[in-house]
Amino acid sequence: MPKNLVIVESPAKARTIERYLGADYRVLASYGHVRDLPENPGKGKFGVDVDHDFEPEYVINEDRRKQVTEITKAAKSADTVFLATDLDREGEAIAWHVAEAAHVAGAKQQRVTFNEITESAIRDAFANPRQIDMDLVDAQQTRRIVDRLVGYTLSPLLGKKVQRGLSAGRVQSVAVRLVVEREREIRAFTAREYWTIQAILATRTGETFAAELVRIDGQALDIPDEATSDEHAAALRDLHPVVTKLGTRTQKRSPAAPFTTSTLQQEASRRLGFSPKRTMSVAQRLYEGIETPEGQVGLITYMRTDSTAIAGVAMGEARDVIGQRYGEQYTMPKGRVYKTKSKGAQEAHESIRPTSFRRDPDSMAASLKSDEARLYRLIWQRALASQMSPKELETTTIELADGRYELRASATKVLFDGFAIVYTEGRDDAAADDEDEAGARLPVLTEGTVTDVTDVTPTQHFTEPPPRFTEATLIKALEEHGIGRPSTYAATISTITDRGYVRVEDRRLHPEPVAEIVTDFLVEHFGAYVDVEFTARMEEELDEVANGERPWVPLLRAFYDQLKDDIDKDPDAPPPEETDQVCSLGHPMVIKLGRNGRFLACSLYPEHKETRPVPGDEPPPQEGTGEVCPECGQGTLVSKSGRFGPFVGCSRYPECKYIKKDGPPPPDPLPFEVVCPKNKDGHLVPRRARRTGNVFWGCSNYPRCDFTTNNEPLGGLHDTDDGPLARKDETAICLVCGSTSEVAAADVVPGEKYPGGPPNPEALARPARARGTGRGGGASKTGGRARGGARTGGRSTTRRTSPVEPAADA
């Protein structure tokens with residue numbers, strides 16, 4: 001039996017590490033966090049004892065009990081328990097939680113960390129274990145508790161004052177505020193017209209080149225309208241500009257630094273169209289290990305980092321690969337060292353790079369899925385390019401003048417491509433191409449050369465507002481402000497989109513109306529908690545806790561006391577937005593928020609409950625709109641929107657509650673009778689679910705018998721000895737005993753009509769296929785599930801189950 005137990009987060013990481021450890025080591029996965037604050041601690045509670053030094057009330061996650069039990073059992077018989085979770089605060093906290101939940105004795109605990117999953121890194125880590133760093137654990141605990149205090153105080157308040165179901169968060173609310181404020185900048189922006197003029201000049205030898213008008217009467221160009229532009233263009237056509245100055249300069253451009261978490265997410269968004277969440281998911285797989293001809297191999301270093309450093313050994317390997325592939329002129333003899341610019345960066349970590357530069361993307365392609373191959377290529381190219389020689393450029397500039405007009409022509413050529421042979425960083429917005437990409441060429445000229453104007457082209461422009469954030473540029477803004485950390489960027493972006501504050505259109509972030517209302521409410525009453533500087537300062541204080549420079553309890557006490565004081569003030573709900581609309585009784589209507597977004601409501605609610613869509617947000621008209629209500633004879637049928645989508649109802653609601661119930665046509669009746677398998681005193685009839693339109697079969701004695709199934713009866717015989725019958729390779733369900741099976745073609749019995757129902761113990765069966773789903777072998781979205789067994793939809797192995805429980809559609 002192995003003497004040593006190793007705990008990691010994931011099975012993939014476990015498989016990779018097992019390659020490098022001997023038979024004396026057993027590796028188990030915790031599957032991430034095993035303990036957390038309770039999700040539902042009770043009304044008015046946080047899962048944190050705020051009166052006793054913020055003692056957290058941790059509980060073992062329900063879906064991790066199996067892992068904790070296995071780890072506890074293995075730890076009892078092990079001599080040493082190595083906690084090999086990730087090397088950041090989150091990983092340190094996971095290690096501590098595992099040790100606490102599994103009751104691992106302190107004398108047995110050994111903490112090991114590594115930046116890459118390679119044999120040398122693993123052996124070095126296990127040769128130099130340490131104890132759990134409680135400063136890092138305290139920093140993670142403090143962040144978790146702060147986020148819980150903010151979320152569990154502000155979120156209920158938003159639900160009470162603004163709209164049910166809303167949430168607030170220490171970082172997410174600041175991110176939403178940035179998006180909202182950028183949108184308001186765009187709305188407030190007034191475009192200004194301006195013109196530029198380009199002239200085509202020719203030398204006396206016939207060579208032509210383009211020059212831009214840059215000054216008039218010694219002043220920088222400012223042409224506000226077409227009339228002024230035409231005036232200057234006409235004057236330019238008669239000129240003979242003379243070369244007044246020639247200049248040539250060379251410059252070197254260095255490559256971008258290797259990836260941090262933030263820059264990887266930004267570049268993957270720009271180049272690959274990946275969301276931050278998708279990027280981190282793929283990077284996690286590359287880090288933890290991919291099955292290759294060498295075995296299970298970790299391909300990149302740890303992917304949650306804010307450092308741009310590269311280990312000296314890796315620099316040396318990169319230099320060798322560069323020399324072999326591209327030549328010695330592309331190498332950097334001493335390597336290139338980058339200084340990390342982000343606030344709070346942990347320089348002890350490394351940047352994101354390949355664990356071996358010799359594993360080039362082409363050689364790994366066969367072992368990687370599409371997303372993995374694309375991201376790995378990006379990481380490999382960026383890291384390799386960072387250690388290559390600079391790109392060298394030469395720019396020539398020519399100044400020309402005639403009278404009051406001054407022009408300039410310039411061209412750049414590449415002297416040496418350097419790192420650009422491998423990689424050039426992408427851009428966030430549609431900026432102009434680099435000068436060296438333009439391909440402009442200038443003739444050989446000298447001072448005093450006279451030219452002729454052969455063509456003049458005025459071009460109209462308008463100043464543009466700042467661009468809306470993309471996921472990449474929002475992450476960049478959060479990083480620049482010091483908000484969040486590498487482990488939180490992707491989660492923050494996912495949260496604000498998943499919770500309906502922001503929508504993504506053409507890769508740009510647009511705030512929803514509710515985002516603006518919530519932001520205004522929070523800024524007015526809880527300004528500090530959505531203030532960029534306050535949030536950044538909180539990150540710095542958490543860093544101080546992690547470094548052992550600040551105790552965590554006083555930090556939480558100061559934060560919570562101020563938060564509680566602000567909550568106790570019980571701020572008023574934001575006033576509804578006034579409009580020029582009136583209701584049917586002539587009362588003013590206001591805009592309110594509901595579960596489906598904005599709507600118009602009578603300002604005298606609840607005395608008068610009339611509502612209607614906001615102009616411009618109306619649902620498309622439905623059949624029946626405009627007809628006289630058949631129930632009251634006074635109202636008309638109008639399109640409405642409810643919790644289950646659009647419908648047609650009476651305009652006099654709530655006085656008249658008529659709803660037009662014309663839906664999809666009813667399902668066809670069965671050509672035979674099937675005895676209800678539950679009570680045997682009714683037969684199965686087809687019905688259609690009201691919400692989804694899917695077909696299901698239920699007992700004719702409903703509601704006295706509530707049996708339903710998503711599996712259409714076929715008319716096959718069920719032999720109790722041989723099992724239920726159905727078509728070849730399809731799952732059948734017996735409507736007597738509820739068993740399911742996959743059967744062969746020889747077992748199929750054609751459907752027949754049984755006027756009196758099938759004789760017991762035989763019953764009729766049909767392959768598990770719901771008509772409304774559009775594909776065979778699957779239950780409806782409502783997911784009928786056999787008690788004690790798997791879903792009836794899809795393929796399954798032969799098994800016996802008890803009768804299926806009623807479908808949710810019923």
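Assorted remarks:
- Scattering curve values for the range 1-49, log₁₀ I(q)/I(0), Debye with Cα scatterers, q = 0.23, 0.31 Å⁻¹: -0.79, -1.10
- A 1.4 Å probe over all protein chains sorts 658, 501 by accessible area into 658, 501, starting with the largest.
- In this structure, the amide hydrogen of residue 290, modeled 1.01 Å from its nitrogen in the peptide plane, lies closer than 5 angstrom to those of 297, 298, 299, counting only residues at least 5 positions away or on a different chain.
- Along each principal axis, taking the top coordinate minus the bottom one, the Cα set of the range 85-210 gives 89, 57, 20 Å in descending order.
- Per-residue SASA entry for residue 245, accessible area with 1.4 Å probe, Å² rounded to 10: 130
- Net length available on complete extension from residue 392 to residue 480 is 28.7 nm, with 0.36 nm assigned per residue and the Cα-Cα distance removed.
- Only Lys, Arg, Asp and Glu carry charge here, each on its Cβ (+1 for the first two, -1 for the last two); on that basis the range 24-88 has a dipole of about 420 debye about its Cα centre.
- FRET efficiency, 1/(1 + (r/R0)^6) with R0 56 Å, evaluated for residue 50 and residue 591 via beta carbons: 0.90
- Solvent-accessible area, 1.4 Å probe, carbon plus sulfur percent, for the range 1-67: 45
- Amide H contacts of residue 469: 509, each under 5 Å away and 5 or more positions distant or on a separate chain (H built 1.01 Å from N in the peptide plane; Pro and chain starts excluded).
- Distance from the range 597-619 to the range 32-68 (C-alpha centre basis), Å: 42
- FRET efficiency, 1/(1 + (r/R0)^6) with R0 60 Å, evaluated for residue 370 and residue 220 via beta carbons: 0.75
- Rolling a 1.4 Å probe over the protein heavy atoms of the range 241-304, with every protein chain left in place, gives an accessible area that is 49 percent carbon and sulfur.
- The Rg/Rh ratio of the range 167-212, with both radii computed over alpha carbons and Rh defined as the Kirkwood radius, is 1.56.
- Highest to lowest packing among 460-473, 574-587, scored as the average C-beta count within 10 Å: 460-473, 574-587
- Pairwise centroid distance, computed over Cα atoms, of the range 145-203 with the range 348-371, Å: 36
- Between residue 450 and residue 130, residue separation times 0.36 nm minus the direct Cα-Cα distance comes to 107.5 nm.
- When both the range 273-298 and the range 443-472 are represented by their alpha-carbon centers, they are found 45 Å apart.
- Pairs from 43/564; 592/640; 45/277 whose Cα-Cα separation, in the structure shown, is over 24 Å: 45/277
- Potential lengthening between residue 425 and residue 196 on full extension [0.36 nm per residue; Cα-Cα distance subtracted]: 79.5 nm
- Where N is the number of residues in the range 371-526, Cα Rg divided by 2.2 N^0.38 Å: 1.57
The values are calculated or read from the model by the stated rules, or taken from the named source; none is laboratory data. Source: prediction; values computed, not measured. Note that each Cβ is placed from the backbone with ideal geometry, even for glycine, and that neighbours are counted across all protein chains shown. These accessible areas exclude ligands, DNA and RNA; they are computed on the full protein's heavy atoms, side chains included. Shrake-Rupley method; radii C 1.70, N 1.55, O 1.52, S 1.80 Å.
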